[in-house]
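**Q** Below is the structure I would like to discuss, written out as structure tokens.
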Amino acid sequence: MIAERTINVTSAWLQDRLGWRTLKEVASHKTVPVHSSTHWYYFGGISLFLFTIQIITGVLLLLYYRPTVAEAFDSVRFIMTKVEFGWLIRSIHSWSANLLIFMVFVHMFSVIFTHAYRPPRELTWGSGIALLGVMMAFGFSGYLLPWNTISYFATKVGADVAASTPFIGEGLGRFLRGGDDVAGATLTRFFAFHVAVLPAAAIGLLMGHLLLVQKNGMSTPPWISMEKVRQMRFFPNFFLRELMVWYLALGVLGSLAAIFPWELGEKADPFAPAPAGIRPEWYFLAPFYTLKLIPSHVLFMEGELLGIFGFGLLAALLVTLPAWGVRKDGSAKTRMVNGAAILLASYLVVFSILGYVK
Amino acid sequence: MRTIRWLPLLASIALLPAKDSCVECHSNLDGNLQRPAALFKGDVHAVSHLSCAGCHGGDANSDDPTVAMSPAKGFRGKVARTGIPKLCASCHSDPNYMRKYRPQQRVDQYQLYLTSVHGKRLEKGDARVATCIDCHSVHDIRAVKDAAAPVHPLKLPATCGHCHADAARMASYKIPTTQLEEYRGSVHWEALTKRGDLSAPNCASCHGNHGAKPPNVESVAAVCGSCHVLHEKFFAQSVHNAAFPSGQGGGCMVCHSNHGIHKPSTAMLAGKDAVCSQCHEADSNGGKMAVQAARRLDGLANALQVSEQQLALADKFGMDIAEAQLRLIEGKESLIKARLALHSFEEQEVGKPVDAGLLIAKETKAAADAALHEKDVRRIGLAASVLFIAVSILALWFLIRRIETNGSATLTRRTIL
Amino acid sequence: MAEADPHTHTCPDCPNRTGETSERRSFVSWLLSGGVAASLGSFFFPVIRFLNPPHVTEAAVNEIAAGKASQIKPNSGRIVKFGNKPALLVRATETEWRAFSAVCTHLNCTVQYQESSSQIWCACHNGVYDLNGRVVSGPPPKPLEEYAVKLRGDEVVISKRA
């Protein structure tokens, strides 16, 4: 009785100051369309959940990590050997990072194939692509932080690629590396990007992305009639399902982290020759292999330059999808977009595998 | 000519070291006559303000060539090869003179030279042997620690080899010319050039420098033992010490050769290329012991390698194995000590460090296995967590089923809005 | 959350099953609260343990406590663990302390202090170093790396030189 009264009083007090019943009201009206492609709606939620895990484990790792050349590797080793459950937290952070990027890719392709980028969701799409970029930047910067041999040399290669961008390359390379070569200055920089700049950018973009989703509601694929489609309440029906999926993701993540603990490797030695088989994280494999494949000169251009132009064009096409993939009446050019997306997906898959094998 | 007249004046005004008309004139000549003057700038004697006249005689103060190079002024011209050691010794064997420049430098080089094969032959009138200038060069003589000096540790082998690897030159002396090539395949050359260890032995370390001569057969062990102290100690007490000095080339050389000393391995003990089998029959005590020693050394080396690999694996997974790694260093030390003890040719001496090492290998392997096991045990904690997750998922599923029992899961748009 | 859906409150067509439903309902809430509580426990347990600082507080080993000064006699040495390499601490006299990497520069054996000669000695190939780490005799090509020694009260602290 007393408990119930306390809740009521608190609730009323908060209502007077926050007006949160309005929120509750809005939430109770939020619905999710139910149709044959409803399961694709979960991937955004999974990405959000994994991102939350990244923030939690990332903050935990920050307690012990030291971003200097002398101490970075040893502090990660310290986390893994001396700190209780440090191996688990670090392993989860690494695995979750990879799963997150994978889920973001799945989310992106599901949006393409269900043509959810159509008006009025252009900004949702654009912020999503920006988030994908931020997540990849997270991956690139975080990869260097343990300062082990493989990450050191992979970062060297990655920074060299960035430095060969036309016009801005030299400046960009210096900006990324904090000098002319990957060294202590790079580590400090990447650390700053990884724990300050990128999180701020990601959270800002994410807020916008989520607000836009609330504003415009869930999109229904063009082949399903907006009028006839049945809806599911977000609270509690869809939300409970999401919880199930998140729990499942957590189980998979924990299992991966415990059964396949993320390796520490060997401390980077900048003066050692680059070991054989240097390759970047899997999500950079396709562009990495493409650059390797392009001959050094194509017609009048340098091969690498051509590759970078290609990726720039690809990024531009992705961002502008709502412009070129939509007719004047607002309907999607489904065939063309599907074709392009299949092409892109198969390119990514095939080149990633080739990049991994070779 | 005007400039030549003026230069000495300018030099004396500038209070530079005493003028040297030899260098001044010869610098303006061509070819062979100019070269000594050019080279002399880097010479250790020039740095100490000694002049050409010190060796060649004459008057370096006179600008008139006929006066400067007149026999009346003691001009000697080119010094005969047979006279070179004596000439150098006139200063270098004089302690009172040398004290002024290099008080710590030895003054017995000439004495030593007279005892060397080079010196003895030179005394007999053979001018083809090495004199001071053949090793130290002439006109650009540099200190031993100067990396450009031909007697610098890194350059000395090639300097000796300049004559000793020249088959035509050595033909009349009837001595082999393969030493340099052999040496360049040796562990000592590797230590010198690849590890940059300038204290690693070069030719002079064993043969002496000024008193260069092959070490006596009896003294080979002592020569090697000047660095390999403990090996010599073990060997001196072994049965082989008594067996070898009698004319077979000295103890160490029998197994390790001389110039081309390679990294020793157990293949020297057992197998078809074993050095032991050259004297010991396979079924003799010595033959059996050699095979046994090889087996034990290999056994320890393998055991240590296995431990190291396991530890590296555990390390890769971030397991805490620092203690075991430290212990493994001791194990490796045991192997070094066992190899050392082999020079006693006593089974027991070899056995002690091998057993100690094997124990360490076993311990560290166990530590590595325990660490790897610990990695697997972590999965048990995971299993509990996964169970809870599964229960939660199941409960959520039941909850969804319950609140949707009457088909209220989906609604038409209108009912909601 | 059950209150959000009014349809589950009753089952008008089958009043006789009401008891069964509420039984199932209590089972589901029991299962759910138990499962969620246990799983949250299994997530937060590692996190709480992670927050607990370990006994060894330094990640990179630049400094170690090598023991109590009162327990080390003058003219004696001891091997201490410095990271994952051995270090040699020498108390030369009452007031004079020295510390070196105990890894011989020849073949990585562990060196020791020889009280009879007041030198550092490697048992593998008889390498001898003086108390400045310089090679006196034997095969070592390079001097031993020297560490700094400080006293904090009675505690001897060895640290790497910057």
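The values are calculated or read from the model by the stated rules, or taken from the named source; none is laboratory data. Here the structure is a predicted model, which means the values were calculated and not measured. Here Cβ is always computed from backbone atoms with ideal geometry, including for glycine, and neighbour counts include all displayed protein chains. Side chains are part of the model used for accessible areas, which takes the heavy atoms of the whole protein and leaves out ligands, DNA and RNA. Shrake-Rupley method; radii C 1.70, N 1.55, O 1.52, S 1.80 Å.
**Q** Restricting to Cα pairs below 8 Å that are 6+ residues apart, what does the relative contact order work out to for the stretch A:225-358? Please round to a whole percent.
**A** It rounds to 28 percent for the stretch A:225-358.
**Q** Per-residue HN-Hα couplings for the stretch A:87-101, Karplus 6.51 cos²θ - 1.76 cosθ + 1.60 at θ = phi - 60°, whole Hz, x for Gly and Pro?
**A** So the J values, rounded to whole Hz, are 4, 6, 4, 5, 5, 5, 4, 5, 5, 4, 4, 5, 5, 4, 5.
**Q** Sticking with this structure for a sec: Can you give me the distance in nm between label points at residue B:359 and residue A:324, each placed 7 Å from the Cα along the Cα-to-Cβ direction?
**A** Simple spin-label model gives 7.6 nm for this pair.
**Q** Amide H neighbours of residue C:82 under 5 Å, at least 5 residues apart or on other chains, H built in the peptide plane: list them.
**A** So residue C:82 has HN proximity to C:87.
**Q** With a sphere of radius 14 Å drawn around the Cβ of residue A:216, what net charge do the other residues whose Cβ falls strictly inside it have (Lys, Arg +1; Asp, Glu -1)?
**A** So the environment of residue A:216 carries a net charge of +3.
**Q** So who's got an amide H within less than 5 Å of the one on residue C:127, skipping anything under 5 residues away but keeping other chains? H placed 1.01 Å off N, in plane.
**A** So residue C:127 has HN proximity to C:122.
**Q** Please report, in debye to the nearest 20, how large the charge dipole of chain B is about its Cα centre when each Lys and Arg carries +1 at its beta carbon and each Asp and Glu carries -1 there.
**A** 960
**Q** About the Cα centre of the protein assembly as shown, how large is the charge dipole given +1 on each Lys and Arg Cβ and -1 on each Asp and Glu Cβ? Please answer in debye to the nearest 20.
**A** The calculated dipole for the protein assembly as shown is roughly 1380 debye.
**Q** Expressed as an acute angle from 0 to 90° and rounded to the nearest 10, what is the orientation of the C-alpha long axis of helix A:42-62 relative to the principal long axis of chain A?
**A** On a 0 to 90 degree scale, this one is about 60.
**Q** For residue C:99, enumerate residues with amide H under 5 Å from its amide H, sequence gap 5+ or separate chain, H modeled in the peptide plane.
**A** Residues meeting the amide H criterion: C:90, C:147.
**Q** Please give the per residue accessible area of the protein assembly as shown, computed with a probe of 1.4 Å over protein heavy atoms only, in Å².
**A** 55
**Q** Okay, next question. Any idea what the relative contact order of the stretch B:108-214 is, in percent, if you count C-alpha pairs under 8 Å spaced at least 6 apart?
**A** Worked out over the stretch B:108-214, it gives 27 percent.
**Q** Given B:156, B:109, B:70, which one lies farthest toward the positive end of the charge dipole of the stretch B:50-194, if we put +1 on the Cβ of every Lys and Arg and -1 on the Cβ of every Asp and Glu?
**A** Looking along the dipole axis, the top candidate is B:109.
**Q** Report, in degrees rounded to the nearest 10, the 0 to 90 angle that the Cα long axis of helix A:239-259 makes with the longest principal axis of chain A.
**A** 30
**Q** Please identify which residues in the stretch A:146-187 have an amide N closer than 19 Å to a label point set 7 Å out from the Cα of residue A:309, following the Cα→Cβ vector.
**A** A:161-170
**Q** Ok, one more. If I fit a long axis through the Cα atoms of helix A:72-81 and take the longest principal axis of the Cα atoms of chain A, what angle between them do I get, 0 to 90°, rounded to 10?
**A** 60
**Q** Next up: Cross-link list B:288/C:142; B:233/C:73; B:86/B:145; B:263/C:73; B:332/C:150: which exceed 30 angstrom alpha carbon to alpha carbon?
**A** Over 30 Å apart, Cα to Cα: B:288/C:142; B:233/C:73; B:263/C:73; B:332/C:150.
**Q** Report the extension gain between residue A:266 and residue A:229 in nm, rounded to one decimal, defined as 0.36 nm multiplied by the number of residues separating them, less their alpha carbon distance.
**A** Stretched out fully, the residue A:266 to residue A:229 stretch lengthens by 7.7 nm.
**Q** Further question: Could you size up the charge dipole of chain A around its Cα centre, putting +1 on the beta carbon of Lys and Arg and -1 on that of Asp and Glu, and report it in debye to the nearest 20?
**A** Dipole magnitude for chain A comes out near 1140 debye.
**Q** Round to a whole number: what % of the accessible area of the stretch C:47-162 belongs to carbon and sulfur, probe 1.4 Å?
**A** After summing per-atom areas, the C and S share lands at 48 percent.
**Q** Efficiency by 1/(1 + (r/R0)^6): what FRET value for residue B:123 and residue B:91, r their Cβ-Cβ distance, R0 = 25 Å, to the nearest 0.05?
**A** 0.75
**Q** Between residue C:92 and residue B:272, what FRET efficiency comes out of the Förster formula 1/(1 + (r/R0)^6) with R0 = 51 Å and r the beta carbon distance, rounded to 0.05?
**A** Calculated transfer efficiency: 0.45.
**Q** Let me ask something additional. Assuming a ≥ b ≥ c are the square roots of the Cα gyration tensor eigenvalues, decide whether chain A counts as rounded (a/c under 1.5), prolate (otherwise, with a/b larger than b/c) or oblate.
**A** In terms of gyration-tensor shape, oblate.
**Q** Continuing with the same structure: Name the residues of the stretch C:95-120 whose accessible area falls by at least 40 Å² when all protein chains are present instead of the chain alone, probe 1.4 Å?
**A** C:110
**Q** Also, I was wondering about something else. With unit charges on the beta carbons (Lys and Arg positive, Asp and Glu negative) and the dipole taken about the Cα centre of the protein assembly as shown, which residue among A:352, B:130, B:370 sits farthest to the positive side?
**A** A:352
**Q** At a probe of 1.4 Å, how much accessible area disappears from chains B and A on forming the pair, both sides counted, to the nearest 100 Å²?
**A** 2900
**Q** Roughly how large is the B-C contact in terms of buried accessible area, totalled over both chains, probe 1.4 Å, nearest 100 Å²?
**A** 2900
**Q** Where the accessible area of the stretch A:232-358 is counted over protein heavy atoms with a 1.4 Å probe, how much of it, in %, is carbon and sulfur?
**A** 72
**Q** Roll a 1.4 angstrom probe over the protein heavy atoms and tell me the percent of accessible area of the stretch A:1-88 that is carbon or sulfur.
**A** That share works out to 69 percent.
**Q** Also, quick follow-up: When the Karplus curve 6.51 cos²θ - 1.76 cosθ + 1.60 is applied with θ = phi - 60°, which whole-Hz ³J(HN,Hα) does each residue of the stretch B:365-380 get, with x for Gly and Pro?
**A** These are the phi-based 3J(HN,Hα) values: 4, 4, 5, 5, 4, 4, 5, 5, 5, 4, 4, 6, 4, 4, 5, 5 Hz.
**Q** Ignoring ligands, DNA and RNA and using a 1.4 Å probe, state the total buried accessible area between A and C in Å², rounded to the nearest 100.
**A** Using a 1.4 Å probe, the pair buries roughly 1800 Å².
**Q** Defining a contact as two alpha carbons under 8 Å apart and six or more residues distant in sequence, what relative contact order in percent does chain B show?
**A** 9
**Q** Oh, and also: Longest exposed-loop-site-free stretch of chain A, with chymotrypsin sites (Phe, Trp or Tyr not before Pro), DSSP loop and at most 13 other Cβ within 10 Å?
**A** Excluding the exposed sites themselves, the longest stretch runs over A:1-166.
**Q** Keeping all protein chains in place and using 1.4 angstrom, which order do B:405, A:320, A:290 fall into by accessible surface area, from largest down?
**A** Ranked from most to least accessible, the order is B:405, A:320, A:290.
**Q** So, one more: May I ask which residue of A:40, A:168, A:204 lies farthest towards the positive end of the charge dipole of chain A, with charges of +1 (Lys, Arg) and -1 (Asp, Glu) on Cβ and the Cα centre as origin?
**A** A:40
**Q** In addition: Which ³J(HN,Hα) values in Hz, rounded to whole numbers, follow from the phi angles of the stretch A:274-286 under the Karplus curve 6.51 cos²θ - 1.76 cosθ + 1.60, where θ = phi - 60° and Gly and Pro get x?
**A** 4, x, 5, x, 6, 9, x, 4, 4, 6, 9, 5, 4
**Q** Once R0 is set to 45 Å, what does the formula 1/(1 + (r/R0)^6) return for the Cβ-Cβ distance between residue B:283 and residue B:194, expressed as a FRET efficiency to the nearest 0.05?
**A** My answer for the efficiency is 0.65.
**Q** Averaged across B:158-166, how many Cβ atoms of other chains sit within 10 Å of each residue's Cβ atom?
**A** 0
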